[in-house]
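Working notes for the structure below.
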Amino acid sequence: MGEDSNTNKGFRRFLKLAIFYLLFVVINIGLNRLCGLLHLPLFLDNVGTLLAAALGGYLPGIIVGYSSNIFNSAFDPANAYYAVLSVLIAVTGRFFYDKGYFDKFHKAIITIPVFALIGGVFGSLLTYFMYGFGIGEGISAPFAQSLLASGKLNVFWAQMISDVVIDLVDKAITVVIVFVIIKLVPYKFVSALALVDWRQRPLNKDEIKEVNKTEIRKAPLRTKLVITFGIMMVFVALVTTSISYLLYQRFAVTQYTYTAKNIASVVAATVDGDRVDDYFVEGTGSADYADTMNKLRKIYESSPNIKYIYVYKIEPDGCYVVFDLDTEDTEGGKLGDFVPFDESFLDKVPLLLSGQEIEPVISNDTFGWLLTDYEPVYNSNHKCVCYAAADISMEEVTTNGISFLAKVLSLFLGFFIMIIVFAMWYMQYHLTYPIDAMTYAARNFAYNSDEEMDTGVERIKDLKIITGDEIENLYESLSKTFGETVGYLEDVKNKSEEINKMQNGLIYIMADLVESRDKSTGDHIRKTTAYVNLILAKLKEKGEFKDILTDEYIYEVSNSSPLHDVGKIKVSDLILNKPGRLDDEEFKKMQIHTIEGEKIIENAMKISSTSDYLKEAKNIAAYHHEKWDGTGYPYGLKGEDIPLSARIMAVSDVFDALISARVYKPAMKFEDAMRIIKEGSGKHFDPVIVNAFVDAEEEVKKIAEEHKKIFES
């Protein structure tokens, strides 16, 4: 139901657009006819074309321009051949409109010479070739003829100057009219005139810009298809034009042959074969000879395609003039004058001497490039006494052929541009936009949060691509895939969170097991973890260690810190729970808990495929008793050679030990413990970490008091 409704809406919109574009065609034809009625030397047949291009786009402008010329050809058939100029003006006009040339009047004026170049220069060249290197029959013809009559210009420049001058005025008026109308037309009306065929949710200008920024490694698919289509059309055009030209030449030769034979036959029928020999005796003064000459002259004058008409008597040594309309008053063209055979007729001489008919001959000899037909003249005894001949200049075939090619190519070029632009427009809405929109939506799909993933899925679904072909199938598959992927990722995330909780729980259980052997440590692992988290947050807030303190790093350190004393599992209960201070030997045994903790975690890392989080646990366990000045244990590391996580744990561990009661000492006051931490800055502890810890003194006190209440309860 929805699809049918969209189809009906699309059809109604298309109908409205067709009416508007037809109105632009009427504007073109109407203004052009008005100029004709008022005898104005103007065309004004591109006002509607420019308006359609500016307000509707490349394709509407081309359609209006091409259609206008085709309709105008009903008044003047030559208009059809100038359709290519209207098409070029439409393309150029839309380009200027997109570049903002019609936003300001002074910028619009700049376009006039360009339009005059298309209409005047290109139009003049087209006219020159269409009319066989002569002056055309259009509006500029009188002006061109007056320039030609001055004797200072040849046909080409007379035609060119007249066309350019008239077109400059014509295009200036056209641009001014179009500029004024564009400024008066409301924006809503302009947007309604745009020829679009969305196969998806329409994209706004910003979205189209983003989609068009899609990176392509080589040429875009649309370009490849247009190039392929264009090459095919050019190939078809070349083949079709070549065949048409060859057929035209054959037809022209056939027509010229037919004309020459007819005229030669009429001439042969006009000459009295019984009187030919008498003419040579009596000369040109006889009344019969003069009468025949007058008849032949009328035939010659009524046949514009015929260049020469003559009657020759054929003898073995050559030809003897009986009648010669073109050269009768020149040397060698009088009755009885001798004319040698042209080379092209030498192989025909035996047939001519025997009085037989011969096929027309195309020659390029003494008298030029000619098609000649010889027809025998018989006497009353049906004996061939001479031959009547008619010559047609073959140069007209070439001239007319060029004219024919110019017309065919102009018709094809305009149609070719229209088809190419239509193909680009169609592929843009049915192929490029849908694919690029899907690509853009897929590339910008974010996995950072549930909200962003849901937004990404909705963005893809919101495209609503309905091309009805493989593109739509691809879109549905993509939408389904992303939807299922998000669901799968949510499941993975939930399971990962469960695994992380289980992992962290196991860490705390292991740490608790170790701590439970040391009856004097209380809630040590939870307090030190809280201090570690506080220091990490404070360091990040202050912008310290930016290259290290990533969210992932903070997460790993926070969850690994409870394992800092895991190595104590290797220390004797007697030493752990001794009610007094340890002697030197016992202290050395206590120190091994750092090395043992490192070994335990290294072994755990070997058997785990996802052991990255244990890296910081190993650093903390091994180095949290190292000192900034290098006097710590077990390796005597110094300064920044000590991992950051271990330096943070050193502050947290010592501070908690100071404020916690042990079997061998009472709990120290908070203020005294903070003083010792400050005094250890640069000696025992990293000064940067101490500063962060001291700055968070109130938060530290709060953590200490909360855990004290929990422990006492």
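The values are calculated or read from the model by the stated rules, or taken from the named source; none is laboratory data. Model, not experiment: these values are computed from the prediction. So basically every Cβ, Gly included, is an ideal-geometry build from the backbone, and we count neighbours across all protein chains shown.
Of the residues examined, G682 is not one that is of a type in the set (G, A, S), free of Cβ contacts under 8 Å to residues at least 24 places away in the same chain and either assigned by TED's automatic domain parsing to the domain that holds I554 or surrounded by fewer than 21 Cβ atoms within 10 Å (Cβ to Cβ) (or both).
Being without any contact (Cβ under 8 Å) to a residue 40 or more places away in the chain and assigned by TED's automatic domain parsing to the domain that holds L22 is a description that does not apply to N46.
Look at segment 333-344: where a residue is in a helix (DSSP H, G or I) and a partner is surrounded by 15 or more Cβ atoms within 10 Å (Cβ to Cβ), sitting 6+ places away or on another chain with Cβ atoms under 6 Å, you get S344/V361; S344/S363. Y310 passes every criterion in (1) in contact (Cβ under 8 Å) with a residue 24 or more places away in the chain; (2) of a type in the set (S, T, Y); (3) over 21 Å from C384 (Cβ atoms) apart from (3).
Of all the listed residues (F43, F24, F11), the sole one being among the aromatic types (F, W, Y) and closer than 27 Å to A141 by Cα is F43. Are any of the residues in segment 522-533 at pLDDT below 75, more than 60 Å from the chain's Cα centre (by Cα) and assigned by TED's automatic domain parsing to the domain that holds E706? Yes, the conditions are met somewhere in segment 522-533. Does P304 satisfy the criteria of being under 22 Å from L371 (Cβ atoms), part of a loop (DSSP other than H, G, I, E, B) and of a type outside the set (A, V, I, L, M, F, W, C)? The answer is yes for P304. If you go through segment 659-675 and keep only what is among the β-branched types (V, I, T) and loosely packed, with under 14 Cβ neighbours inside 10 Å, you end up with just V663. The set of residues in segment 63-77 being touching a Phe, Trp or Tyr at 6+ places or on another chain (Cβ under 8 Å) and of a type in the set (A, V, I, L, M, F, W, C) consists of I63, V64. Does I419 satisfy the criteria of being in a loop (DSSP other than H, G, I, E, B) and within 30 Å of V91 (Cα to Cα)? No: the conditions fail for I419. Being more than 40 Å from the chain's Cα centre (by Cα), assigned by TED's automatic domain parsing to the domain that holds L38 and either crowded, with 18+ Cβ neighbours inside 10 Å or hydroxyl-bearing (S, T, Y) (or both) holds for only one residue in L147, L126, and it is L147.
Kindly establish whether T432 is among the hydroxyl-bearing types (S, T, Y) and under 20 Å from T254 (Cα atoms). When the stated conditions are applied, T432 does not pass them. Filter segment 275-299 for residues that are assigned to a helix (DSSP H, G or I) and β-branched (V, I, T); which is surrounded by the most Cβ atoms within 10 Å (Cβ to Cβ)? Among those that are assigned to a helix (DSSP H, G or I) and β-branched (V, I, T), it is T292.
The rows are residues; the columns are (1) buried (at least 22 other Cβ atoms within 10 Å of the Cβ); (2) assigned to a helix (DSSP H, G or I); (3) not assigned by TED's automatic domain parsing to the domain that holds I525.
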position: G632; (1), (2), (3): no, no, no
position: S645; (1), (2), (3): yes, yes, no
position: M649; (1), (2), (3): yes, yes, no
position: S652; (1), (2), (3): yes, yes, no
position: A657; (1), (2), (3): no, yes, no
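Six or more apart or on different chains, Cβ under 7 Å: which pairs go from a residue in segment 194-206 that's among the aromatic types (F, W, Y) to one that's at pLDDT 85 or above? Could you list them? Matching pairs, first to second residue: W198/Y429. Please work out if T259 is at pLDDT 90 or above, surrounded by 11 or more Cβ atoms within 10 Å (Cβ to Cβ) and in contact with a strand residue (DSSP E or B) (Cβ under 8 Å, 6 or more places away or on another chain). The answer is yes for T259. Screening D274 with (1) touching a Ser or Thr at 6+ places or on another chain (Cβ under 6 Å); (2) farther than 18 Å from Y378 by Cβ gives one miss only, at (2). If the condition is being under 18 Å from A268 (Cα atoms) and modelled with pLDDT under 90, then segment 309-327 contributes L325, D326.
The condition of being of a type in the set (K, R), under 24 Å from A657 (Cβ atoms) and at pLDDT 80 or above holds for only one of K546, K542, K589, that being K589. Counting only helices (runs of 4 or more DSSP H) that fall entirely inside segment 518-610 and contain at least 3 residues that are closer than 30 Å to P687 by Cβ and in contact (Cβ under 8 Å) with a residue 40 or more places away in the chain, the qualifying elements are 524-541, 551-560, 584-607. The residue list V87, V91 contains one member that is under 24 Å from the mean Cα position of the chain (by Cα) and crowded, with 23+ Cβ neighbours inside 10 Å, which is V87.
Selection of segment 241-264 for residues being free of Cβ contacts under 8 Å to residues at least 40 places away in the same chain and farther than 30 Å from E301 by Cα yields S242, I243, L246.
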